[in-house]
Each structure stands twice: as structure tokens, then as C-alpha cells.
Amino acid sequence: MATDDMSKAQYLELAERMVRSLQEDQHAEFESIVEELTDLRETTLFQEVGRLTRELHEALKSFKVDSRLGDIAATEIPDARERLNYVLTMTDQAAHRTLNAVEASADLTEEFTGKSGHLLEQWQRFRQRELSVDQFRQLSRELEDFLALVQNNGTKLQANLSDALMAQDFQDLTGQVIRRVITLVQEVEDGLVDLMRLSRPGSSPARTEESAEAADKKARDDAKGTGPAIPGQDNDDVVQGQDDVDDLLSSLGF
Amino acid sequence: MALDKNMKILIVDDFSTMRRIIKNLLRDLGFENTSEADDGNTALPMLKRGGFDFLITDWNMPGMTGMELLQEVRADADLQSLPVLMVTAEAKRDQIVAAAQAGVNGYIVKPFTAVTLKEKIEKIFERINAGG
């Protein structure tokens with residue numbers, strides 16, 4: 001408004017001088033006033049074009065921030081939901097796998113601790129010379145069976161322990177997925193902060209370069225590592241297990 | 001030639017649970033001489049100090065990734081022939097090809113089994129002992 005008032009005053013002054021110069025037949029003065037008027041006119045026009053350009057620029061920049069948030073809302077939040085569901089499934093499976101191993105092992109140990117109690121009792125009777133020859137023969141058969149049982153159950157126990165050990169790999173695999181989701185949440189927060197900054201008059205967004213970088217984000221992600229592939233999601237160009245890895249490597253001469 | 005059960009192995013993974021799993025599996029296979037590092041930045045000085053015969057590394061780690069560690073190892077005159085096995089959840093074909101080109105000796109994709117780990121280690125040293 002201040003600019004408008006100023007232009008009005010300037011126009012008025014110039015118009016008065018122009019009329020006066022015409023009335024007084026001062027052609028040179030008249031020409032110079034026309035020149036001045038054109039200048040004034042052009043300056044205002046350029047200022048206006050400048051202002052519009054700036055606004056357009058800001059709008060485009062904010063559009064970039066908006067579209068990144070749009071991408072996040074449209075694809076990455078559902079994607080994150082899938083990933084978190086995968087975490088749920090993985091932790092559920094790992095917990096059951098561990099519990100199965102523990103329960104099976106409990107049955108095995110129960111079996112031989114029960115039998116060892118009975119054998120210890122018999123053995124002590126034998127040491128105190130309380131067993132007949134027949135009873136001793138019976139004890140020695142039971143001892144042999146027991147040793148075989150310990151060996152057999154020991155092998156099974158070892159397998160159960162290995163299984164419980166391997167089940168713990170869920171922590172690494174789901175941890176990597178959770179880290180990705182944390183990064184996404186951080187990005188949403190930053191995007192929202194940028195939007196707030198934009199909506200405040202006279203401020204400019206500081207992080208618009210990031211949108212421009214989004215194009216080579218994938219390549220950088222690949223180099224840094226992207227974590228486990230999520231079934232039903234990361235299916236493009238992802239190997240389906242160790243056999244695929246081995247095939248790929250042998251095709252490269254490995 | 002049989003595998004040297006006394007060889008010194010460095011296990012690099014940012015998740016301590018995975019390091020423990022690999023350490024336990026190696027112990028079951030008879031390898032007890034293991035050390036651990038949680039990313040490339042900690043692993044590299046340990047490797048440079050010398051004495052390691054085998055490196056098992058994850059890919060995706062904060063700080064220096066396993067891929068960068070592999071590149072550093074291959075660029076180091078003293079370490080360039082160190083056998084490197086990558087054990088990682090990274091499953092993109094492009095990534096596996098990139099690891100192969102960077103000179104990895106074996107690649108295991110997580111989740112993996114004890115049998116897979118055993119086979120890959122045996123295969124790596126078979127090839128090395130055969131001079132190939």
C-alpha cells in the first residue's frame with residue numbers, strides 16, 4: 001500500500017509538471033517528463049513481475065516439500081505398516097520357535113532325570129550288597145538302556161539348543177527394519193516442520209535441496225544397505241534365499 | 001587339506017545378538033579363536049594390527065558398512081588376500097554382484113542355517129587351498 005501511495009504521489013506530481021510544461025510550451029521539459037513517467041511505469045511493472053516470480057518460486061519449493069510428504073503418505077507409510085507387520089510376524093515366530101525348543105528339551109531332561117533317580121537308588125542297594133544276582137542283571141540292562149538314552153537325548157538337546165540359538169536372529173533382522181521405520185518417522189517430522197515454516201509469512205524453507213536429492217537416494221541406499229527384504233513387498237530384483245545367491249554367484253564364475 | 005581350527009576369525013556385525021549367534025555356530029564347528037567388532041570403523045584397525053585369518057562381516061552397519069570394509073581390505077597391501085565372507089540381509093541381485101566384484105569370497109543371505117555357514121566356510125578354504 002505504501003508503494004501504491006508513493007506511486008500515486010509521484011504520478012500526480014509528474015502530471016502537474018507535464019500540464020505546466022505544455023501550457024508553457026516547454027517541449028524539452030515535456031519530453032523529459034514523459035520519459036520519467038515511462039520509467040516509473042516500468043519500475044512498478046518490474047517490481048510486480050519480480051514479486052510474482054518470487055511467489056511462484058516459493059510455491060514451487062513448497063510444492064516439492066508437499067509432494068515428498070505426499071509420497072510418504074501414499075507409499076511409505078503403508079510400506080512402513082507392512083514392515084512393522086513383518087516385525088510382528090518375525091518376533092512371533094522366533095518366540096514360538098524358542099518356546100518349542102525349550103518345551104521339547106524340558107521333556108527330554110525330565111525323562112532322564114526320572115530314570116537316573118531310580119537307577120541311583122538301585123546302584124546304592126547294589127553297593128550295600130542288597131541286590132540278588134538276578135536283580136543285578138536287571139540293573140545292568142537298565143544301566144545300558146539309560147546310557148543309550150542319555151546319548152540319544154543329549155543329541156536331541158543339542159539340536160534344540162542350536163534351534164533356540166538360531167531363533168535369536170530375529171533381533172538383527174527386525175532391528176534393521178525398525179531402524180528404517182525410525183528414519184521414515186524422522187523424515188515425516190522434518191517434512192512437517194518445513195511445512196510449518198512455509199506457512200509462516202516471510203520465511204523460506206531450508207531443506208528443499210533434499211527433494212532434489214531423492215532421485216539418487218535409491219542408489220545410495222543400496223550402497224549403505226537397505227535391510228531384509230519384506231515378503232510380498234521388496235520383490236523386484238531380490239533373491240529368494242541362499243540357493244538364488246549361490247546360483248547368481250556361480251553365474252559370475254564363483 | 002583340513003581346515004585350520006585355530007585360525008583367528010573376526011566377526012563384524014552391529015547387532016550383538018547376531019555376533020553371538022555366529023560365534024556360537026563357529027564354536028560348534030570347532031573354531032574358538034574369534035574376535036568381534038560392531039562396524040567397519042572398529043574392525044579395520046583390528047585387522048590392520050594383524051593376525052586375522054578370516055573375516056566374517058555384515059553389510060548394513062552404521063559408521064563403516066561391510067561393503068566399505070571389504071573395499072578397504074582389498075585396497076590394503078597386507079590384507080588384500082584375507083578371505084572375506086559376507087553374512088547379510090541385503091538380498092538385491094545388484095548388491096550381490098557388487099560384492100562379488102569388490103572381491104568377496106562368499107555371500108550368505110540372512111536368515112541362514114548352521115549348515116549353510118559350515119558349507120560356505122569349507123568352500124572358501126577349499127578354493128584357497130586349491131590355489132584358485
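The values are calculated or read from the model by the stated rules, or taken from the named source; none is laboratory data. Small disclaimer: the values here were computed from a predicted structure and weren't measured. Cβ atoms come from the backbone with ideal geometry, glycine included; neighbour counts cover every protein chain shown. Remember, those area values only see protein heavy atoms, side chains included, never the ligands or the DNA or RNA. Shrake-Rupley method; radii C 1.70, N 1.55, O 1.52, S 1.80 Å.
Assorted remarks:
- Average beta-carbon neighbours from other chains, 10 Å sphere, peptide A:174-181: 2
- Other protein chain Cβ atoms within 10 Å, averaged over every residue that makes up B:85-96: 6
- Relative to the Cα centre, the charge distribution of the stretch B:13-59, modelled as +1 at Lys and Arg Cβ and -1 at Asp and Glu Cβ, gives a dipole magnitude of about 160 debye.
- Buried surface between chains B and A: roughly 3000 Å² of accessible area, summed over both sides, computed with a 1.4 Å probe on protein heavy atoms only.
- On Cα atoms only, tilt of A:77-127 relative to the major axis of chain A in degrees: 20
- Measuring only protein heavy atoms, the 1.4 Å probe finds A:SER162 accessible over about 40 Å².
- Dipole moment magnitude, nearest 20 debye, chain A about Cα centre, only Lys, Arg, Asp, Glu C-beta charged: 1640
- Using R0 = 25 Å, the C-beta based FRET efficiency linking A:ALA106 and B:ARG27 works out to 0.55.
- Scoring A:139-146, B:64-71 by mean Cβ neighbours within 10 Å over their residues and listing the highest first yields B:64-71, A:139-146.
- Counts of other chain beta carbons within 10 angstrom of each beta carbon in peptide B:11-21 average 4.
- Check: chain B dipole with +1 on Lys, Arg Cβ and -1 on Asp, Glu Cβ, in debye: 280
- Note on A:ALA95 and A:SER116: the extension gain reaches 4.4 nm, defined as 0.36 nm multiplied by sequence separation minus the Cα-Cα distance.
- Remark: spin-label model distance A:HIS27-A:ASP134 equals 15.5 nm, labels positioned 7 Å along the Cα→Cβ axis.
- With all protein chains in place and a 1.4 Å probe, the accessible surface of the protein assembly as shown carries 54 percent carbon and sulfur.
- Angle in degrees between helix A:170-199 and the longest Cα principal axis of chain A, rounded to the nearest 10: 20
- Positive-end extreme of charge dipole, the stretch B:57-121 - chosen from B:ILE108, B:ALA98, B:ALA75 (charges on Cβ): B:ILE108
- Taking 0.36 nm per residue of separation and subtracting the Cα-Cα distance, full extension of the segment from A:ASP39 to A:ASP216 would add 59.0 nm.
- Between 0 and 90°, nearest 10: helix A:133-167 axis offset from chain A longest Cα axis: 10
- Where only DSSP H runs of four or more residues are counted, chain A gives -29000 deg cm²/dmol as its mean residue ellipticity at 222 nm, each run worth -39500 (n - 2.57).
- Ranking A:ILE33, A:ALA9, A:LEU99 by how far each Cα lies toward the positive end of the dipole of the stretch A:1-129 (charges on Cβ) leaves A:LEU99 at the top.
- Each DSSP beta bridge with both residues in the protein assembly as shown is either parallel or antiparallel, and the antiparallel ones are about 5%.
- Over the protein assembly as shown, all Cα pairs binned in 20 Å intervals from 0 give whole-percent P(r) values of 20, 33, 21, 13, 8, 3, 1, 0, listed from short to long.
- Global geometry of chain B, whether rounded, prolate or oblate, following the gyration tensor of its Cα atoms and the 1.5 cut on a/c: rounded
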